[in-house]
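Since the structure comes first, as structure tokens, the remarks are kept for the end.
The values are calculated or read from the model by the stated rules, or taken from the named source; none is laboratory data. Please read these numbers as outputs of a predicted model, since none were measured by experiment. Using ideal geometry, Cβ is built from the backbone for each residue, glycine included, and neighbour counts are taken over all protein chains shown. We work out accessible area using only protein heavy atoms, side chains counted, and drop any ligands, DNA or RNA first. Shrake-Rupley method; radii C 1.70, N 1.55, O 1.52, S 1.80 Å.
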Amino acid sequence: MKYRKTFRARLLILFLGGTLIPLLLLTAVLMVYFNNRLENQSEQMVRNTLVSMQENISNYTEELREFSISLIGYTEVMDFYQYVSSEEYYTIPDDYEYFLKHYNYRKVIQKLLIFSDSNIMGVGFAPMNDIDNAYHMAYKNVNIDVSNTYAYRETPWFQKAIEANGNFIYISQNRGETISKESNEEITFSVIRLAKNISNQQPLGVIRVEASSPRLEEIFKEMDTGANSCLMLIDEHGETIYTTNSKFNQLATRISDNVEVIETEDDRLRVYTEEIPATGWQLAYLSSGRDIRQQSQPIFFLGVSLSILTIIISGIIYAINSYRITGPVNRMIERMKAAEKGDLTTLLQVPENANDEVAVISRNFNRMVQKLDTHINNEYRAVLSQKNAEYMALQMQINPHFLYNTLNGFITMNRMGEREKLEQSILHLTDLFRYTCRNQDACCLQDEIYFLEDYLALQKMRFEERMQYQIEFDDTFRNFIIPRLLIQPLVENAIIHGMEPNAKQTTIRIVIGASSRNGKAYLCIRVTDDGVGFDKERYQESKKVGVKNIEERLSYFYKDAFFEIDTQREHFTTSTIWICLEEEGGTHEDIVS
């Protein structure tokens, strides 16, 4: 089946292609634009924050370096370091000199720790002598702890400090080692350098300044990370010094490989890094795609909401304007179809103040229908007048022959002295001519039956026993309106073509009543004779004037009526008129003559 594009469908295509689709595309483009802009702004903010945090961490490590440098400026500190690194410390450990140096060192160290940054937890000193493993650790408000169990000489940081030869190195805390139980704070990282004798520049030992995490926590709080993002401080070995989310610790080694994006099972992390000067550390921010999407969700929901609102408003506007445009067009199409079926009475309603194209077309259509109705009425009257004239001519052809035979019958009855029969026959002929001379196109079925009784009575007078007739009439239809002289030609054909050529007695039967056909109710008028019949094929080729007149009068008088003949040679002929009882516009009783 070929698809037919309606006017409304074309308007819908125009609406979608010209308004809705571009508007939705514009909304989608704006959403993508603002989402990308949000990502760029987020990226720029991350980079700016990382630079700021880098400076803060650098300042923090610089403070620790300065603190470490400040130690060698105190005579008490250097005297103690020289003393514990000498052989005297191990040969005479309990003399007054050791007590004095130890006291002075503790007093200076405690003073420095108390008045220094609160995140500096303590100062450790690992002597270079290899007599024992005496590691000296000083914490705030705590006596100096000397540990002989900590094998610091075997640790990597001790070796690195010697190799650095006085330069600072930074190491993250090995969380598996225990130096002292005095501190309950977690050590995050340490600043280490080699201490030398000022006079001969001989190595005395390694100074280790321990730092805790609160200061880093304050620095890391400057940046608000998302629930799925992470900020990390990573040392040169790819180990985590500090992190805001411990579940990302296993990604530290991958970050140190300078990757830009890390794919996980449920997320896509973009990596931003900044180097911490002089430490070899990296400050890394793992930006979660899920967090970015959560940030862009308000934009997405706003875009979707605006799109839905746009679709609703646009749809309402389209529906209203489409109805205003297609409504009159559809009504015009309906009126065209009605006019095609013959209904030319109803016109299109056009507002007086309307002057658009549809109104102009509607007015022109109304004028065209009115002119067409006038033309058809005039043509119909002319054709009907012509048919009536033809029918009257036919009657004039039939009447003389019928009158001649009837008058001969009257003469015969007069000679035979059948006065009463002659009088009754004259009355039948008078009623017959009175009926035929009416100036009417239609009559009720009861009058047509009376006329047929008069006509058949006169024919019976002529043919006597050769002709028998029966009339069965449903009195319910006595007022049913039919064209005048509709049935008489069928009865006359039954006499002329069915009975006259037949030597035997012929019965003409007229049955009028209701009947059902194809699910519809019809008035059935049937004229049957048991005469000689005829050839049906020859009948179709040469229809008589009377039969053609019946068919034409039925088509003009009724919308749903038809005529049919059934015959069989030497047996019968049946002529049937079917008139639908469900005609539009009311019952047939409403038709007036």
Please list Cys437, Cys580 in order of solvent-accessible area, largest first, computed with a 1.4 Å probe with all protein chains present. Cys437, Cys580
Under the classification rounded if a/c is under 1.5, otherwise prolate if a/b is larger than b/c and oblate if not, where does region 179-309 fall, given a ≥ b ≥ c as square roots of the Cα gyration tensor eigenvalues? prolate
Extreme residue, positive dipole direction of the chain, given options Leu24, Ile292, Leu269 (C-beta unit charges): Leu24
Cα principal axis extents for region 21-79, largest first, Å: 85, 8, 6
Over the chain, average the accessible area per residue using a 1.4 Å probe and give it in Å², no decimals. 57
Label points 7 Å out from Cα along the Cβ direction at Lys111 and Leu12: separation in nm? 9.3
Please list, in order, the residues from region 419-455 whose amide nitrogen is less than 11 Å from a point placed 7 Å along the Cα→Cβ vector of Leu403. 433
How far, in nm, would the chain grow between Asn479 and Ile317 when pulled straight, counting 0.36 nm per residue and subtracting the alpha carbon separation? 52.6 nm
Answer check: region 328-368, Cα atoms, Kirkwood Rh, Rg/Rh ratio of 0.96
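On the accessible surface of the chain, probed at 1.4 Å, how many percent belong to carbon and sulfur atoms?
About 52 percent, which is the carbon plus sulfur part of the accessible surface.
Taking 19 Å as the cut-off for C-alpha to C-alpha distance, list the pairs among Lys371/Lys559; Lys520/Lys559; Lys337/Lys371 that go past it. Intermediate values should be presented prior to the final figure.
Working: Lys371/Lys559 22 Å; Lys520/Lys559 14 Å; Lys337/Lys371 17 Å.
Beyond 19 Å: Lys371/Lys559.
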Förster radius 41 Å - calculated FRET efficiency between Ser147 and Arg37 (Cβ-Cβ, nearest 0.05): 0.10
For a paramagnetic label modelled at 7 Å from the Cα of Asp266 toward its Cβ, which residues of region 274-297 fall within the zone defined by backbone nitrogen distances under 14 Å? 289-291
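How large is the dipole of the chain about the Cα centre if only Lys and Arg carry +1 and Asp and Glu carry -1, each at its Cβ, rounded to the nearest 20 debye?
Values: 61 positive and 81 negative charges, 714 e Å.
So the dipole magnitude of the chain works out to roughly 3440 debye.
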Considering every pair of different Cα atoms, what Kirkwood radius, in Å, is found for region 13-154? 20.2
For Glu217 and Arg293, extending 7 Å from Cα along the Cα-Cβ vector and measuring point to point gives, in nm, a value of 3.3
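Taking the Cα centre of region 262-324 as origin, work out the dipole magnitude from +1 charges on Lys and Arg Cβ and -1 charges on Asp and Glu Cβ, in debye rounded to 20.
Details: 5 positive and 7 negative charges, 118 e Å.
With Lys and Arg at +1 and Asp and Glu at -1, about 560 debye.
With contacts defined as alpha carbon pairs under 8 Å and 6 or more residues apart, what's the relative contact order of region 402-529 in percent?
On the way: 146 pairs, mean separation 28.8, N = 128.
With pairs under 8 Å counted, the relative contact order is 23 percent.
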Which whole-percent values make up P(r) of region 431-569 when all C-alpha to C-alpha distances are grouped in 5 Å steps starting at zero? 2, 9, 18, 22, 22, 17, 9, 2, 0
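Based on Cα coordinates alone, diagonalise the gyration tensor for the chain, multiply each eigenvalue by 5, take square roots, and list the semi-axes in whole Å, largest first.
Working: eigenvalues 3641, 116, 55 Å².
Each semi-axis is √(5λ); the values are 135, 24, 17 Å.
Which whole number in µm²/s is D for region 265-337 by Stokes-Einstein, with the Kirkwood Rh taken over Cα pairs at 25 °C and 0.890 mPa s? Mind showing how you got there, number by number?
Numbers: Rh = 17.9 Å.
Taking Rh from Cα pairs, D becomes 137 µm²/s.
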Simple spin-label estimate for Phe99/Arg65, 7 Å along Cα→Cβ, in nm, reads 4.2
As a test question: what accessible area, to the nearest 10 Å², does Trp578 have when a 1.4 Å probe is rolled over all protein chains in place? 20
Set the Förster radius R0 to 51 Å, insert the Cβ-Cβ distance between Leu581 and Asn353 as r into 1/(1 + (r/R0)^6), and round the FRET efficiency to 0.05. 0.65
Mind checking which of Val142, Gly280, Tyr318 is farthest towards the positive end of the chain's charge dipole, using Cβ charges of +1 (Lys, Arg) and -1 (Asp, Glu) about the Cα centre? Tyr318
Charge tally in the Cβ shell below 11 Å around Asp566, where Lys, Arg are +1 and Asp, Glu are -1, Asp566 excluded: +1
